[in-house]
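Quick notes on the structure that follows.
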Amino acid sequence: MATRSTFKVLAALALGLGSAAAAQAALITEWGYSVTTEWGNGTTAPAPVFTSGGGVTHADAAMLSWGASNPPNQTPNDTSDPNTSRSGLIITPDTAVTNPPNLFTNGAAVDTHTITHYNNTISSNFSTLSTASVFTTLTLTPLVPGGPSLPTLTRTFQVDFSETPNTSSPGTCGFPSTSACDDIFVLTAGSLTQSFVLDGITYTLEILATGLGPLPAATCAAAGAAPGCIGFQTLEHQATPAQFSFKISAQVPEPAILGLLGLGLAGIGFVGRLRRS
């Protein structure tokens with residue numbers, strides 16, 4: 001009888017451990033990706049809105065600009081003359097960002113696109129940017145272990161922008177300013193994290209933006225944004241970049257924990273059999 005009981009224990013333990021191992025899905029540890037970032041055009045996301053005034057405004061997927069005419073591509077330029085300069089916002093690169101480098105679960109973030117604001121002094125008679133939207137798409141492809149690409153994730157960010165009038169004294173800007181007066185870029189993002197479940201494992205995608213940070217309440221108000229807004233200020237005749245990146249994290253049960261769970265379930269089953277014998 002002792003031999004038979006021992007056999008029952010071993011069989012139960014093996015069954016419990018086997019069930020626990022089967023329940024543990026394969027964690028995707030390495031990913032490929034393709035990210036696009038572009039200005040909304042009224043179809044993908046809301047189109048940019050410019051104030052009334054003269055000059056020339058320009059909008060395409062990679063660049064918004066305003067100020068004096070600067071053919072052929074209307075790129076921002078600083079001529080030191082408000083009547084011939086242009087300001088703008090440019091997304092670089094103007095193509096999709098793809099791996100390599102590959103993205104590792106619970107690893108470092110990978111860089112995607114940069115939005116750079118070029119703050120050049122332009123005539124107060126020119127139209128300027130008021131609001132815009134940034135439309136981004138992300139396609140993830142499991143590499144280790146391999147698998148088909150996931151459905152594309154999309155996200156739209158609202159931009160509030162203020163091309164401030166220049167004064168002789170930064171103290172008269174109405175908000176904290178270093179130059180006379182800094183332009184204000186505000187990004188309304190909502191949650192910068194998004195979770196999805198694949199084969200029973202929850203992955204969390206986090207978007208990061210280096211160069212953006214909380215702005216003073218008066219600065220937010222000057223840009224038409226609510227208190228606690230996130231963005232940056234650009235000094236006159238300077239360019240300010242915001243570098244975007246993303247990373248993926250996941251938490252899965254440790255094999256040892258699953259093993260203990262299997263042992264516990266096996267023990268419960270074995271005790272039940274003893275009580276019935």
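FYI, it's all coordinate maths here, none of it is from the lab. Everything numeric here is computed off the predicted structure, so don't read it as measured data. Cβ sites come from the backbone with ideal geometry, for glycine too, and all protein chains shown count toward neighbours.
Taking each pair of different alpha-carbon atoms in the range 176-246 once, compute 1/r for the pair, average those values, and report the inverse of that mean as the Kirkwood hydrodynamic radius in Å to one decimal.
One decimal place: 13.9 Å for the Kirkwood radius.
Quote the FRET efficiency, to the nearest 0.05, computed for THR204 versus GLN238 with a Förster distance R0 of 35 Å and r equal to the Cβ-Cβ distance.
Here the calculated transfer efficiency is 0.50.
What is the ratio of the Cα radius of gyration of the range 111-166 to 2.2 N^0.38 Å, with N the residue count, to two decimals?
1.83
What net charge do the residues around ASN41 carry, taking every other residue with its C-beta under 15 Å from that of ASN41, with Lys and Arg at +1 and Asp and Glu at -1?
Around ASN41, the surrounding residues sum to -3.
For the range 86-183, what Kirkwood radius comes out of the mean inverse Cα-Cα distance, in Å?
This gives a value of 17.1 Å.
So, in nm, how far is label LEU192 from label GLU30 when the simple model puts each one 7 Å beyond its Cα toward the Cβ?
2.8 nm
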